[in-house]
Structure formats: structure tokens, C-alpha cells
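Novice: Let me give you the structure first, and then I'll get to my questions.
The values are calculated or read from the model by the stated rules, or taken from the named source; none is laboratory data. Please read these numbers as outputs of a predicted model, since none were measured by experiment. Because the Cβ atoms are built from the backbone with ideal geometry, glycine has one as well, and the counts that use them run over all protein chains shown. To get the accessible areas, we keep the full protein, side chains included, count just its heavy atoms, and leave off ligands, DNA and RNA. Shrake-Rupley method; radii C 1.70, N 1.55, O 1.52, S 1.80 Å.
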Amino acid sequence: MPTLETLAEAAHGLHTTLLDPERGACVPALPSTHRPLPGGSIRVGALTADEVRTDVRAAVRHAGTEGAVLVLALMGHGFSPGDGSDLYLMVGDSREGESIGAVNVSQLLTDAADHVGLAGLIGIIDTCSAAGAVPAIGRIVTGQRSGRTRCGLLMASGVGQNAYDLRLTADITDLLRSGVDDAPAVLELQTVRSALGSKPSGPSISVFEFGGDPSTPQPLWLSRNYGHQAGRASAYLGRAGRAELDQALAAIDDQPAMTSRWTPEELASLRERLSQLPLSPQAVRAQQVADSLFIAAQTARFLQEWIPGAIETDRLRRAVALTAAPQAPRVTALDDVSDVLERLALSYPARDGSCRSQICRFVVALALDDVQNLNDPLLRTWALSITALKQVNDAVAWANRLNSERRLRLVVSLHASIGGTWPELIETWLVLDGEIHSKERLQCAGPDRSGVELAIARAVDKAERVAASMRLPLRQVDVAVPTQLLADWRPEQIKRGEWLGVRFDVVTRWAERLSPPDAMQWVVTSAEGRLARMANGEMPVQWLDIGEIADLVGLEERLTGGAYPAVALSATPAEKARLFSLLLAYVPVMLWPCTVAPLDAGSRLALTHCWDRMPAELLAAYRDRWRNPEQSSLIADLRAVWDDQEWLDFCKSYQFGKA
């Protein structure tokens, strides 16, 4: 069969969209132990039938172990041999019409749907004869799960029909990226099919659904509805919360009367009524949603009265970054505090039992700019109104610890080096509450790595003694590193008994920003401008591939035109110093792989998902990797220079002679 020229582009587009936390909300399906794709989720190219079957089996088993829904997209050439109806996916050595050497998709999906532990199976089949992928219902009903499984397919064509140009894949990708107006918070397969009806691929698309597991009240859904997130439907309940509540109430037999407003009082009354229903998974789910939305609505009313000045984009972003659970979807829409509260209330750690702990930490984090707020009796009054006095007291204690840990930090700089290599001395500053407490120059045993690392260890020793005399913890060590040393030296792995990063948050800064040459005095203000754009919601990090990295002339042209608030490199070239110097002159945040192989989509997704908690999340990932290499986050494969506003302020103080 002829080569499908658009296959790779279509596959990667859908793959990226399914991995987007705001849309498909998937994570890579292959386990970290799988070879040759550890922790991966996409295969493109001339595969073998065994490779396809092996990868799918590994993904099914991993999803079963995790109790997850598996989303499986198959695209390429397909056929139904002879008068048969089963779909065969063609691979690298397949011949059209010959079942030997091709993959029987119906059999593959039947085995997957019947796997114990799998919470559901969603298939996207973009081939000719795609409807031949429908699983064998008889085998599912009589299989090891006795039909207690869920399966749904979107198929590009009927048996014996052609599919053209991978239109189903492209149209689904476009739809998930834009969302669907006037649809629920999540997109089920029938909703996607209806929304695609007006597109060129629409008339031939078919949907298959099998729902044999009554213990799962949540429907199978392909993606969050991105079009659902913007705006609010009423004064008290946002569109996301309203859709979640409507869906939960629709699943119970005794449905309460609906209201157009859903005030906190109405939500409290609904919660009480739902608690009287006979126990069932659907009733419990509805009660949890009503409780969470009551807390969100009550908290929105309280914040608008208590600290209205704190409800602005930058403070909301910081509070979310401090409090959102790692597995929660990233909150990107910060236009309305009620929308933010609903997202936090509906996505909380299961171990907490309710959203109260997370909401209380969020409220306290918003109030941190004025510590007096934490002693305000109104805070306790609100806590009592949502039955969360213990949680708010815990949150205040957490905030006090956080404030204490942030008061003191050590800054170490290697900018005194000649030619950007290892210096003969280092400069250190102990910073207390943003002001210089003390500073010192320490001679290195030699202008080499071991001499510098020994001097830094001595600086940390001295800083810890001062911290102990103040009865304050020392948690953060900033290390300003010249460009020449950035790529191959890891300050967090300075050995001081343990590696320095085990006990301290070691943040790498760019040393050249401390004392730039006369022709580059703009490097601090340029970085500040890009930080401001990131704070205002612009796409925070943009990945540069090998081609963009190699074209330094084109890259500089884009940077001088204001591109890239922050950058991440998909791979690190052999010639690093010139590239790093160019990028860091403009951007305050740069990430690059510490692996030889280029980073895959899983690492990009992991970074996007935890961006608001960076760089702390990166430092935590390093610690996890050191303790348990087999189960660490993919972001541990990244290095970073992180010049935040705190560092830029310090650089300006140094340049003005105040540091």
C-alpha cells in the first residue's frame, strides 16, 4: 500500500492532545520497565505485528494494574480479508488482503476489554474498514469478567469502506483542542461523534459502546471539554461545576429539583437531601460533588468579602501553585476565583477524603501576603461554616512553617571566574527577609571543580551555623553558574556527606546576569519582561527541537523579536556554550535534558503538568530519582536555570552596589 505522508504528523498531533492535562488528561500507558519504549505512549513507523501486539499487551496490563481507562488509537492502512468483517491493521511487512503478517484489531480489543482491573477501553480507529474493529461481544460476555467491562470505539469507516487522509484523527484533534460549546465538562464518544457530524469525515464515522459494568458511575469520556472552561453560567456556580453536578445528579434515580442559581444555601440543602438516599455508588458520587461545590461557592463568597484585593491573577497563580495536588489538572483559567475554587474542589487527593484540606491551604496561601490575615477571627468563622476548623488550623501551621523556611537563603556565585571557567574564589551572601545579612569571599583550594565544591561546602557550613543562632531553618541555596560550566556541572550533586540537593533546595542561576558587560545591561530587564508575560498567562515554556537549536541565526532573530518567555530543549547539542549564552541573555528560564537521548512526549507532558510548581517540583524529582530510580518522575531527566524575580532583584541590588 502507498505511504501515508500525513501519518506521523496526524499521530503526533492527536498524541500531544490526548496527553494535554486540560484536554485528553492521559498519561503514557507503557510502564517504565517496558522495552524499547519505557514509559512511552506512541509508535510511528514500519512496525512489526509482534511489536504492536507486545506494546498493546503491556499497556493493557499496566492500565489494569493502575485501575485506569486505556485510550488506544490505531491509524494507518487496514483491510477486511475476503468476505470477513474483522479489521486487520497493516504493519511494515503486511500485504493487503493477507491476514498473516497483519494485526487482528477486533481480537486485540476483545482481549483488552476483558482484562481484569481495566476501568474501561476507548479506541480511535482511523483506517479503511475501521468498523471491523468492534470486539466480539459473545467472547466479552462469556469472558473472565462475565461482561462487567466498558468499551467504546470511534471508527472512521464502515466494513469495506475507505477512509481518506486520516481525517478522523485530524478532526478529533481539532475538536479536542477547541472544545464543544454547550456540552458537559467531559466529552463522551457520542458527543464527539455529533460534533464531528458537520466535518468532512463526519458521515462515515461510527460509534460502538458497550457498558457492562454498573459499578462505575462515571461515563467513559475521551477528553475534558476545553470549550467548557471559559466563563461562568451563574453568579454562584461556574460552568465546570454546573456540568459536573448535572452529570452526577443524572446518574441517580431520585433526582432533586434543579435551580438556575445554586447558591451556597441551595447546595447545602441538596447535600443534606442526597445524604438521605439509599447507599449506592451513584448517590455517594452525587453527594461528594454537592459537598465540594458547596465548599467552593461558600469560599468564593467569603474571599470576595474578606480579602477582595487578593483576588488578582498573579496571587491566584501563586496560591494554586502552592496548594494544587500533583495529580490535579493544571489550572490555566484564572479569570474568576470561583472557577479556580471549583477546579480545586473537584480535583483533590483521594487520601484527604474531601476537598477541605486543599481549599483551606489555597485560602491561607492567598492571605500569605498579609500574615495578619491568618489571625483574623473571620477566617475561623468561615472554616466553621464548611466544617473545616481542623483543616484551616493545619493550613495556618503549614503557612507559618513555609514563611519560616523562606526567610533565610544562601547565595553562592562563581561569576568571579576568568573566562567563565572554575574561579579561584567564590562570593557568598546570606539573605534574610530579602535583605543582605552578611557576605563573604571564600578562597578555593584550587581553580578547579573540587576546589570550588569544597569552598561551597564550607559556605554552607558557615550559613548553617548562622541559621542555628537565629533559630531559623536554611533550606535554599542559590548557585550562580557561568555559562561554560552549566551543561556539565550539577551543583545539587556537590558532596557534603550527602549530595547538597538531598537536604537543600539548590537552585541554579545564571552568573552572567549578576555583572553583565556594558553592551548587555539589558539582560535583567529582558528577563523581567518575559517573567511578566508568563505571570499574565502566556504559554510558559516552548520546546525547541534539533532544527531550531541548530539555526542560531534564526533563533536569535526570534529572540530579539520577543519570542519565548521560557524555553526547553528537546536535546542538547555538542556545542552548548554559544547556544546557552544566546538563550539566557533573553529568557529567564531554560531547561535541557541531562540524558543523551532526546526527550519524548512523556517528559514534555510531565513538565507541562507540574509547571506551576516549578522549580520546587524539579528538585523533588531529583530526590525521588536518587532514592528510587525505577519510579521517579520523567522531569528528573531535565536540568534548569531558573532566574525568577527574586534572583533578578538580587542581581539589580548587586549592580547598584547594595549587595
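Novice: Would you mind checking which residues have amide H under 5 Å from residue 128's amide H? H placed 1.01 Å from N; only 5 or more apart, or other chain.
Specialist: Residues meeting the criterion, in which the H sits 1.01 Å from N, are 78, 163.
Novice: When only C-alpha pairs under 8 Å and at least 6 residues apart count, what is the relative contact order of segment 1-99, in percent?
Specialist: 23
Novice: Also, quick follow-up: Ranked highest first by the average count of other Cβ atoms within 10 Å around their residues, in what order do 405-414, 426-435 fall?
Specialist: Highest mean packing first, the order is 405-414, 426-435.
Novice: Among all the aspartates and glutamates, which ones have a C-alpha under 13 Å from residue 495's C-alpha, if same-chain residues fewer than 8 places away are not counted?
Specialist: Of all the aspartates and glutamates, those that pass the test against residue 495 - Cα under 13 Å, at least 8 places apart if same chain - are 453, 461.
Novice: Describe numerically, in nm with one decimal, the distance between label points set 7 Å from Cα along Cα→Cβ at residue 557 and at residue 545.
Specialist: Going from the residue 557 label point to the residue 545 one covers 1.9 nm.
Novice: Could you tell me which residue out of 226, 629, 144 lies farthest along the dipole of the chain toward its positive end? Charges go on the beta carbon: Lys and Arg +1, Asp and Glu -1, centred on the Cα centre.
Specialist: About the Cα centre, the residue reaching furthest to the positive side is 629.
Novice: Shifting gears a bit: Could you give the distance between the Cα centres of segment 531-598 and segment 612-649, to the whole Å?
Specialist: If you average the Cα positions of each part, the centres end up 18 Å apart.
Novice: Shifting gears a bit: Just in segment 1-57: which GluC sites (Glu not before Pro) are loop by DSSP and have at most 11 other Cβ atoms within 10 Å?
Specialist: 5
Novice: Please report the relative contact order for segment 510-643, taking Cα pairs under 8 Å with a sequence separation of at least 6, and give it as a percent rounded to a whole number.
Specialist: 24
Novice: Here's something else I'd like to know. By how many degrees, between 0 and 90 and to the nearest 10, does the Cα long axis of helix 239-250 differ from the longest principal axis of the chain?
Specialist: That works out to roughly 40 degrees.
Novice: Related question: Against the longest alpha carbon principal axis of the chain, how many degrees, from 0 to 90 and to the nearest 10, is the axis of helix 449-470 turned?
Specialist: 80
Novice: Another one. Please get the size of the charge dipole for the chain, origin at its Cα centre, with Cβ charges of +1 on Lys and Arg and -1 on Asp and Glu, quoted in debye to the nearest 20.
Specialist: 1740
Novice: Tell me, what ³J(HN,Hα) does each residue in segment 593-601 have, in order and in whole Hz, if you take phi through Karplus 6.51 cos²θ - 1.76 cosθ + 1.60 with θ = phi - 60° and put x for Gly and Pro?
Specialist: x, 9, 9, 6, 6, x, 6, 9, 5
Novice: Here is a further query. What value, in deg cm²/dmol to 500, does the helix sum -39500 (n - 2.57) over DSSP H runs of n ≥ 4 give at 222 nm once divided by the residues of the chain?
Specialist: Here the helix-only value at 222 nm equals -12500 deg cm²/dmol.
Novice: Can I ask one more? Using the Karplus curve 6.51 cos²θ - 1.76 cosθ + 1.60 with θ = phi - 60°, what ³J(HN,Hα) values do you get for each residue of segment 623-634, in whole Hz, with x for Gly and Pro?
Specialist: 3J(HN,Hα) across segment 623-634, in whole Hz: 4, 4, 5, 5, 7, 9, x, 6, 10, 8, 5, 5.
Novice: Highest first, please rank the peptides 568-578, 53-63 by the mean number of other Cβ atoms sitting within 10 Å of their residues.
Specialist: 53-63, 568-578
Novice: Additional query: Taking the DSSP beta bridges in segment 7-151 as the whole, what percent of them are antiparallel, to the nearest 5?
Specialist: 35
Novice: Considering only protein heavy atoms, with the full assembly of protein chains and a 1.4 angstrom probe, order 148, 604 by accessible area, largest first.
Specialist: Putting 148, 604 in descending order of accessible area: 148, 604.
Novice: Decide, for the chain, between rounded, prolate and oblate: order the square roots of the alpha carbon gyration tensor eigenvalues as a ≥ b ≥ c, take rounded if a/c falls under 1.5, and otherwise choose prolate if a/b is larger than b/c, else oblate.
Specialist: Because a/c hits 1.5 or more and a/b fails to exceed b/c, the chain counts as oblate.
Novice: Now a separate question. Using only alpha carbon pairs under 8 Å that are at least six residues apart, calculate the relative contact order of the chain and give it in whole percent.
Specialist: 8
Novice: In sequence order, what are the phi-derived ³J(HN,Hα) couplings for segment 135-151 according to the Karplus relation 6.51 cos²θ - 1.76 cosθ + 1.60 with θ = phi - 60°, rounded to whole Hz, with x for glycine and proline?
Specialist: My calculation for segment 135-151 gives x, 7, 4, x, 5, 5, 5, 9, x, 5, 9, 6, x, 7, 8, 10, 8 Hz in order.
Novice: Using a 1.4 angstrom probe on the protein heavy atoms only, line up 469, 85 by accessible area, largest first.
Specialist: Of 469, 85, the descending order of accessible area is 469, 85.
Novice: Now a separate question. Could you state the angle between the C-alpha long axis of helix 389-406 and the longest principal axis of the C-alpha atoms of the chain, as a value from 0 to 90 degrees rounded to the nearest 10?
Specialist: 40
Novice: Here's a follow-up. Expressed in nm to one decimal, what extension gain is obtained for the pair residue 416 and residue 595 from 0.36 nm per residue of sequence separation less their Cα-Cα distance?
Specialist: Extending this stretch completely gives an extra 61.5 nm.
Novice: While we're on this one: Amide H to amide H, which residues 5 or more places from residue 205 or on other chains are under 5 Å from it, using H placed in the peptide plane?
Specialist: none
Novice: Residue 424 versus residue 375, label points 7 Å from Cα toward the beta carbon: distance in nm?
Specialist: Those two pseudo-labels are separated by 5.3 nm.
Novice: Restricting the count to DSSP beta bridges whose residues both fall in the chain, what percent are antiparallel, rounded to a multiple of 5?
Specialist: For the chain, the DSSP antiparallel bridge percentage is about 55.
Novice: While we're looking at this one, here's another question. Does anything in segment 499-523 have its amide N under 13 Å from the 7 Å Cα→Cβ label point of residue 442, and if so which residues?
Specialist: Of the residues in segment 499-523, 500 have backbone N under 13 Å from the label point off residue 442.
Novice: Just by accessible area at a 1.4 angstrom probe, what is the order of 614, 520 from largest to smallest?
Specialist: My answer, sorted largest first, is 520, 614.
Novice: Moving to a separate point now. Determine the shape class of segment 487-610: with a ≥ b ≥ c the square roots of the Cα gyration tensor eigenvalues, call it rounded for a/c under 1.5, and otherwise prolate if a/b is greater than b/c, oblate otherwise.
Specialist: Cα axes put segment 487-610 in the rounded bin.
Novice: Heavy-atom accessible area of residue 4 with all protein chains present, probe 1.4 Å, nearest 10 Å²?
Specialist: 60
Novice: While we're looking at this one, here's another question. For residue 119, which sequence-distant residues (separation of 5 or more, or a different chain) have an amide H within less than 5 Å of its own amide H, given hydrogens modelled in the peptide plane?
Specialist: Counting only residues 5 or more places away or on other chains, the set is 68, 69, 70.
Novice: Would you calculate the separation in nanometres between label points at residue 304 and residue 387, each defined as 7 Å from the Cα along the Cα-to-beta-carbon direction?
Specialist: 2.5
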